[in-house]
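The values are calculated or read from the model by the stated rules, or taken from the named source; none is laboratory data. Computed from a predicted model, the values in this text were never measured in an experiment. We place every Cβ from the backbone using ideal geometry, glycine too, and count neighbours over all the protein chains shown.
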Amino acid sequence: MQYRKFGTTGWTVSAIGFGGMPLSINTSRPSEEDAIKVIHAAFDAGITFWDTADCYCLDAADFGHNERLFGKALAQLPAGKREGVTLVTKCGLTRPEGRWERDASPAYIRNAVESSLKNLRLPALPVEQYHRIDSNTPMEDTYGELMKLQKQGKIVHIGASNHSVAEMTRALATGVKIVSLQNQYSRCHRNPELDGTLEFTRQKGIAFLPWSPIDGMGGAKNLGSKHANVAKIAAAHNVSPQRVALAWLLSTGAHVIPIPGSTKIAHVQDCAAAADLALTPDELALLASEAPQQGPPH
């Protein structure tokens, strides 16, 4: 496993992270025992960067499910090893009756942080990201509350998710120090190259965390057939198309840390191996020759 600097935190994390969302949002999700085995398999494969969110669950009654999985998985690691894990969580989305809705009011954010601390069994959240912009709450109020919680020692670092360049610029104007931006980025969704967020984060020293880096859940099954060049390069290296797609993402910037998710141990292990796949200049040029596709806005 290769490692990368995580923004301006001074921390070093695995170049490939693990996204927990698939472990919690479907009724076909694995049992708690099996889900924790997947998380531990990611750790054993060298993945020390874990991504979760309070809203990764089935509905309001199930809220916090994914955080509780990670909290238990982390607690089960031997002392001396769990300290090497960096956890990122998010707040600002709710799940009434399974819907995705937004609430970034200061009162909600404060309650969310307190709940995440309990779910993750941590004295402070290493990174708390503002999940999606709530148009009913001024951004200044949301980040203002996050900064208050940071000063109180409940949050170590603050990050953003699903923000545009304009929204990041407005957020930074509040005085908040944002260490990460988590936006969708993959071979099928190359908006960050077009909307400026990839370059903006590079210039600001902010970690860029591609979510759904293998074209969304289930995308790995179709990746090779949808992208001929990816399939060609995968065959040349005798590896999976998803490993090539992740290695390509790593090549787009030293600040880029993809966070693929899965419910399968073998898939997690294969994703982890992408950090050690060296694509040749010709292969990278071949991938770069494909015009960026404009996916749906964040």
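Points worth noting:
- Scan of the stretch 2-30 for residues that are outside any loop (DSSP other than H, G, I, E, B), polar (S, T, N, Q) and crowded, with 24+ Cβ neighbours inside 10 Å, ordered by number: S14
- Scanning the stretch 42-55 for residues that are surrounded by fewer than 24 Cβ atoms within 10 Å (Cβ to Cβ), among the hydrophobic types (A, V, I, L, M, F, W, C) and touching a residue at least 60 places away in the same chain (Cβ under 8 Å) gives a single hit, A45.
- Hey, L58 among the aliphatic types (A, V, I, L, M), in contact with a Gly (Cβ under 9 Å, 6 or more places away or on another chain) and touching a residue at least 24 places away in the same chain (Cβ under 8 Å) or not: yes
- Looking across the stretch 250-268, not a single residue is over 21 Å from F43 (Cα atoms) and surrounded by 24 or more Cβ atoms within 10 Å (Cβ to Cβ).
- Unmet criterion (only one of (1) over 24 Å from L146 (Cβ atoms); (2) surrounded by 16 or more Cβ atoms within 10 Å (Cβ to Cβ); (3) modelled with pLDDT of 95 or more) for E199: (2)
- Test: N119 is touching an Asp or Glu at 6+ places or on another chain (Cβ under 9 Å), surrounded by fewer than 16 Cβ atoms within 10 Å (Cβ to Cβ) and either more than 23 Å from I257 (Cβ to Cβ) or not small (G, A, S) (or both): no
- A single entry from K264, K221 fulfils the requirement of being modelled with pLDDT of 95 or more, within 23 Å of the chain's Cα centre (by Cα) and among the basic types (K, R): K264.
- Matching residues in the stretch 189-213 - criterion: being among the polar types (S, T, N, Q) and assigned to a helix (DSSP H, G or I): N191, T197, T201, Q203
- Near pairs, Cβ below 7 angstrom, 6+ apart or cross-chain, from the stretch 144-159 (under 18 Å from R170 (Cα atoms)) to any residue that is basic (K, R) and surrounded by fewer than 21 Cβ atoms within 10 Å (Cβ to Cβ): E145/R110; I158/K177
- Looking only at residues in the stretch 79-106 that are of a type in the set (D, E) and more than 15 Å from G46 (Cα to Cα), the one that is surrounded by the fewest Cβ atoms within 10 Å (Cβ to Cβ) is E97.
- Test for A35: is it in a helix (DSSP H, G or I), surrounded by fewer than 22 Cβ atoms within 10 Å (Cβ to Cβ) and among the small types (G, A, S): no
- A count restricted to the stretch 144-162 and to residues that are buried (at least 19 other Cβ atoms within 10 Å of the Cβ) and farther than 13 Å from V179 by Cβ stands at 4.
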